[in-house]
Amino acid sequence: MIIFGTKGYLYQLAILTLVCAQCGNPAAHTLRKRVTKFTLFFVPLFPVSTKYTTQCTFCGAEQKVTKEQAEQLQAQAIGGGQGGQGYGQQSQQQPYQS
Ligand SMILES: [Zn+2]
């Protein structure tokens with residue numbers, strides 16, 4: 001008997017301040033990568049699907065982003081941020097603390 005299935009993994013890649021499409025607040029968003037892996041006998045073998053999402057910490061709205069967008073956001077989070085040079089793409093840069 002062969003036991004197979006899938007297993008989901010969730011990675012938090014970055015936290016960014018973005019204007020939420022849902023609530024319109026410049027709130028902190030978590031950038032997440034969700035990987036679904038094929039498992040055989042409960043051993044994860046290879047990823048079946050990889051999805052990227054951002055989630056607003058203010059209202060909890062989740063938004064799908066493409067891999068390209070996710071990479072761009074991640075680069076922004078690393079390059080920009082506190083005391084960074086930034087690229088000036090993001091006009092709203094107030095850190096949101098709740
Ligand atoms: Zn929101």
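The values are calculated or read from the model by the stated rules, or taken from the named source; none is laboratory data. Bear in mind that the values here come from a model prediction, so they are computed numbers and not experimental data. Here the Cβ positions follow ideal geometry from the backbone for every residue, glycine too, while neighbour counts run over all protein chains shown.
Looking across the range 23-56, the residues that are of a type in the set (S, T, N, Q), within 16 Å of the ligand (Cβ to nearest atom) and either within 19 Å of Glu68 (Cβ to Cβ) or exposed (fewer than 14 other Cβ atoms within 10 Å of the Cβ) (or both) come down to Thr30, Thr53, Thr54, Gln55. A Cβ distance below 6 Å, combined with a sequence gap of six or more or placement on separate chains, defines the contacts here; from the range 53-77, residues that are within 13 Å of Thr30 (Cβ to Cβ) and small (Gly, Ala, Ser) reach residues that are at pLDDT below 95 and exposed (fewer than 15 other Cβ atoms within 10 Å of the Cβ) in the pairs Ala61/Gln22.
Among the residues of this structure, Tyr96 counts as one that is modelled with pLDDT under 90 and either of a type in the set (Val, Ile, Thr) or closer than 10 Å to Leu16 by Cα (or both).
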